[in-house]
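Take a look at the structure below.
The values are calculated or read from the model by the stated rules, or taken from the named source; none is laboratory data. What you are looking at is a predicted structure, and each value in this text was computed from that prediction instead of being measured. Note that we place each Cβ from the backbone using ideal geometry, even for glycine, and neighbour counts take in every protein chain shown. Ligands, DNA and RNA are excluded from the accessible area calculation, which covers all protein heavy atoms including side chains. Shrake-Rupley method; radii C 1.70, N 1.55, O 1.52, S 1.80 Å.
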Amino acid sequence: MKKWTLTLVSMILIVVLAGCSLEPPGWAKPKSAGGKEQKKIGLSISTLNNPFFVSLKDGVVAEAQKQGIQVVVVDAQNDSAKQTNDVDDLIQQGVDALLINPADSAAISTAVQSANSVGIPVITLDRSADKGEVAALVASDNAKGGRMAAEYIVKQLGEGAKVIELEGVPGASATRERGKGFHEIADQKLDVVAKQSADFDRSKGLNVMENLLQGNPGVQAVFAHNDEMALGAIEAIQSSGKDIPVIGFDGNDDAIKSIQDGKLTATVAQQPELIGQLALQAALDVLSGKQVEKSIPAELKLVTKENVNQ
């Protein structure tokens, strides 16, 4: 009898502790000056070591300040395990909604499902989550951007041009979508002689490009899935003494300056601050009970030397 009682007590404690691990403590809710609970939004960024995502974060923070919303920002440093832990911490801090820019679309699924289990709405930015309930994805049309890059190369160099493709982080939805859109055109009208991941990173873009140039001396153009890799590729190309057009993706400040300086040929420009603003507003709409679109687009623009100052 005594043993049975101890077993029952142990089971009750496990259930209670499990429940406590998911629910944020009461003190985690901030109060406004009037004593009411202030909305608190958690923002998990894949990496703040990339100007594009810094601008995205700035867009969220600026919009939150306008609307009197508290934002807690965490940097995953491109580490999927850290991002999952960061999101769990944000849940414990009692956020009302989560804005997540996934480092990896598959790996973030567990964190999204954890938020779902306690009723915290999730908005994803720039990249999607493979599983879990996401109220809205706020992003550019990455596939369209990939097509824009391929079409530009065909227009400039003609059909059959030999192209190297620098891919983003494997598993990121932006990598899949930009690559998919690019190949919808490239597989028909270009010759992609090599493609390799450089993880959306400038230094890796430099190193990968150095290696690919050695094996593909006849390459005529480069498409990089983001501007950081494109800028790294330009360094490698300049060191080799070659003159090869490079097309990036994002439209960050360094890329725009590089186009103005006659180095980067073009970039498919996103509007990261607008993505941040739209995501914050989507979260507030969901919290107020409004219906939001599952996919909220931000417009793209192909920036070249001819239109860079427009």
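Structure summary
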read-out: Subset of the range 72-104 (residues that are open to solvent by less than 50 Å² (accessible area, probe 1.4 Å) and either among the hydroxyl-bearing types (Ser, Thr, Tyr) or without any contact (Cβ under 8 Å) to a residue 40 or more places away in the chain (or both)); value: Val72, Val74, Asp75, Ala76, Ser80, Gln83, Thr84
read-out: Odd one out for Lys155, checked against (1) in contact (Cβ under 8 Å) with a residue 12 or more places away in the chain; (2) among the basic types (Lys, Arg); (3) within 17 Å of Ile247 (Cα to Cα); value: (1)
read-out: Residue match in the range 152-172 (condition: more than 18 Å from the chain's Cα centre (by Cα) and either assigned by the TED database to the domain that holds Pro51 or on the phi > 0 side of the Ramachandran plot (or both)); value: yes
read-out: Every residue from the range 245-274 that is among the hydrophobic types (A, V, I, L, M, F, W, C), crowded, with 20+ Cβ neighbours inside 10 Å and outside any strand (DSSP E or B); value: Ala255, Ile259, Leu264
read-out: Residue within the range 91-109 that is of a type in the set (Asp, Glu) and not in a helix (DSSP H, G or I) present; value: yes
read-out: Given (1) touching a residue at least 60 places away in the same chain (Cβ under 8 Å); (2) open to solvent by 30 Å² or more (accessible area, probe 1.4 Å); (3) not in a helix (DSSP H, G or I), number of the condition Lys290 does not satisfy; value: (1)
read-out: Residue check for Asn252: within 21 Å of Arg127 (Cα to Cα), touching a Pro at 6+ places or on another chain (Cβ under 8 Å), outside the structural domain of Thr47 (by the TED database) and not β-branched (Val, Ile, Thr); value: yes
read-out: The range 34-71, subset closer than 28 Å to Ala230 by Cα and among the small types (Gly, Ala, Ser), residue surrounded by the most Cβ atoms within 10 Å (Cβ to Cβ); value: Ser46
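One line per residue, one yes/no per condition, for (1) touching a His at 6+ places or on another chain (Cβ under 8 Å); (2) open to solvent by 20 Å² or more (accessible area, probe 1.4 Å); (3) not in a helix (DSSP H, G or I):
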residue: Lys204; (1), (2), (3): no, yes, no
residue: Val208; (1), (2), (3): no, no, no
residue: Gln214; (1), (2), (3): no, yes, no
residue: Val219; (1), (2), (3): no, no, yes
residue: Val222; (1), (2), (3): no, no, yes
residue: Gly232; (1), (2), (3): no, no, no
residue: Glu235; (1), (2), (3): no, yes, no
residue: Gln238; (1), (2), (3): no, yes, no
